[in-house]
Amino acid sequence: MNKELPLIPYPQYAAVHDGIFNIPGRSIPFLSDSFYEKDKPVSCSILNAAGLACFPSVEKSFSESIEIRSEQTSGPYSLENPESYSLEITTGKITVTASSVAGAFYGVQTLRQLVMTYENALPCLFIYDKPAYEWRGFLLDTSRSFYSVDFIKKIIDISAFHKMNRFHWHLTDDQGWRLPVPEYPLLTKTGSKRWDRNMPAREPAETETRREYYTDDEITSVVQYAAERHITIVPEVELPGHASALLAAYPEFGCTGGPYKVESCWGIFPDVLCAGNDAIFDIYNAIFDTLTRLFPGKWIHIGGDECLADRWKTCPKCQARIKKGELDNTAQLQSWVTEKMAALVLAHGRIPIGWDEVLDNTEKKPLPESVIVQSWRGTEGGKKAAELKHNVIMSPQTMCYMNLQNYDSIEEPGRLGFITAKKAYSYSPVPENLSAEYAPYILGGEGALWSEELPSSRVAEYLLFPRFSALAECLWLPEEKKDFLRFVHNWDDHKKRLTEMHVLYYDGKLE
Ligand SMILES: [Zn+2]
């Protein structure tokens, strides 16, 4: 037996011992319930979420059993980190130990991978494990391509399988508004509809009738599904740019008054929210009300990327705002809007997150301290933000964007270049040139799938893997414990597991 285990992400510490635990099918008798949520035992639901059936056992009535134990330990195998766990397999017993339900959940996810690979005969072993980073996320763009709730849940389950803990749900953009806001019904009625040039086979009549936004019930079911997998959803609503869908629905929020259209092409568009119109805060207040009602997580992402100032330059209201707000120039209007919107998010009891452009032109209106910066234009924005003591999520497009090709070949789907699995695996969230004192501000990282040209969820999966798996390991393991050759070796077993989960993956060269 190979002494290295076929796990992705690889655990922080693993030792394989002699002996085998015989597991009857994928159904395990379990001993005692240590973990409760809302007074209900959760051991079985943790096992069920990992595809393992279980049934309560009276001690010693079965020769093999599993126990999920709650324990606070310190020392070399400290379980103080709520996401840490230990997993011990002996010939008669599997023991998962953790200090919180999240840790127990990750221990069982490791067991899930072992059961999928070893089937009925698990090797005896001891694993101690904990994440290197607290923010391990993945962004799915559901605006450029509208994905089904089933696909979103599939991605969430796959995320949990890789011990990721954030799902960043990109809900609005120029090409479609996917979030129903009761006070502003046209956002979805008008803003979700476009003639999609990627689907020429679809008849205009079908576009008229097909719903391309998520209902409250669907969103609630996704939130619940994610919570059961210890994943927090971070909803994103773009502002002040990438606003075409909103403006098509409510043209009064643009500088020119429209008319505007829900874009069917890709790019950066000049029509953005009018920074001189106070009513933009009314509509976003209602949008944040909706987000707060539907998403219990701590964070709301307010976009902030790629906002052109063209319209602001010639808009009398925007120019009046510059004078009234004592700003030096038109470009600073974005920092003025960001400050107000961030305050609105905070007033809703949530923490705002913005793309790294929120740091630009902030001479007069510094970025509010509470805003978490997500660095996508390389690592410089993240470095600058950390040095200003903002918390940071690192998503440099050259490492973390999975809509790029898996390999430099005209045969491969994807756009805007390529990132091999080897390059993806070399990613480290903390920029090399960041001094150690600011490193704690780097919360972790996120992969992203921008869905221009990706109407098929199967092609989306193909682009994600193996780079999603590589990223998960980069966010779970500290740099010194990463090993690309081990990852390549384990990828062979991981592919079989992904196949069992009906996930499509790229199977070509990794470097
Ligand atoms: Zn304006």
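Listed conditions (1) in contact with a Phe, Trp or Tyr (Cβ under 7 Å, 6 or more places away or on another chain); (2) in a strand (DSSP E or B); (3) of a type in the set (Phe, Trp, Tyr) are all met by Phe30, apart from (1). Name the single residue, out of those in the stretch 305-325 being outside any helix (DSSP H, G or I) and more than 8 Å from the ligand (Cβ to nearest atom), that is surrounded by the most Cβ atoms within 10 Å (Cβ to Cβ). Across the stretch 305-325, the extreme among qualifying residues is Cys307.
From the list Asn48, Asn81, Asn22, the lone residue that is out of contact with any helix residue (DSSP H, G or I) (no Cβ under 7 Å at 6 or more places or on another chain) and either in the same structural domain as Lys496 (by TED's automatic domain parsing) or within 26 Å of Phe487 (Cβ to Cβ) (or both) is Asn81.
Checked against the criterion of being at pLDDT below 85 and touching an Asp or Glu at 6+ places or on another chain (Cβ under 6 Å), the candidates Pro29, Pro24, Pro9, Pro41 yield just one match: Pro41. Of the residues that sit in the stretch 268-304 and are out of contact with any Leu (no Cβ under 8 Å at 6 or more places or on another chain), assigned to a loop (DSSP other than H, G, I, E, B) and closer than 21 Å to Ser370 by Cβ, which one is farthest from the ligand (Cβ to nearest atom)? Applying the filter and picking the extreme gives Pro296.
In the condition set (1) among the polar types (S, T, N, Q); (2) touching a His at 6+ places or on another chain (Cβ under 8 Å); (3) assigned to a helix (DSSP H, G or I), Ser143 is compliant with all but (3).
Among (1) part of a strand (DSSP E or B); (2) touching a Leu at 6+ places or on another chain (Cβ under 6 Å), there is one condition Leu416 misses while meeting the rest; what is its number? Of the numbered conditions (1) part of a strand (DSSP E or B); (2) touching a Leu at 6+ places or on another chain (Cβ under 6 Å), the odd one out for Leu416 is (1). If you filter the stretch 73-131 down to residues that are closer than 17 Å to Ser43 by Cβ and in contact with a Cys (Cβ under 9 Å, 6 or more places away or on another chain), you find that the one that is surrounded by the most Cβ atoms within 10 Å (Cβ to Cβ) is Ile89. Please pick out the residue among Trp177, Trp169 that is among the aromatic types (Phe, Trp, Tyr), in contact with a strand residue (DSSP E or B) (Cβ under 7 Å, 6 or more places away or on another chain) and in contact (Cβ under 8 Å) with a residue 60 or more places away in the chain. Of Trp177, Trp169, the one residue that is among the aromatic types (Phe, Trp, Tyr), in contact with a strand residue (DSSP E or B) (Cβ under 7 Å, 6 or more places away or on another chain) and in contact (Cβ under 8 Å) with a residue 60 or more places away in the chain is Trp169.
Considering only residues that are polar (S, T, N, Q) and not in a loop (DSSP other than H, G, I, E, B), look in the stretch 228-267 and name the one that is nearest to Phe288 (Cα to Cα). Once the filter is applied, the top-ranked residue is Thr232.
The set of residues in the stretch 251-279 being over 20 Å from Ala309 (Cβ atoms) and crowded, with 20+ Cβ neighbours inside 10 Å consists of Val262 alone. All of Trp336, Trp355 fail the test of being in the same structural domain as Ile393 (by TED's automatic domain parsing), within 16 Å of the ligand (Cβ to nearest atom), of a type outside the set (Val, Ile, Thr) and touching a residue at least 12 places away in the same chain (Cβ under 8 Å), apart from Trp336.
Within the stretch 474-492, identify whether any single residue is over 22 Å from Ile8 (Cβ atoms), surrounded by 18 or more Cβ atoms within 10 Å (Cβ to Cβ) and at pLDDT 95 or above, and answer yes or no. Scanning the stretch 474-492, I find no residue that is over 22 Å from Ile8 (Cβ atoms), surrounded by 18 or more Cβ atoms within 10 Å (Cβ to Cβ) and at pLDDT 95 or above, so the answer is no.
The values are calculated or read from the model by the stated rules, or taken from the named source; none is laboratory data. Bear in mind the structure is a predicted one, so any value in this text is a computation, not a measurement. Cβ: placed from backbone, ideal geometry, glycine included. Neighbour counts: every protein chain shown.
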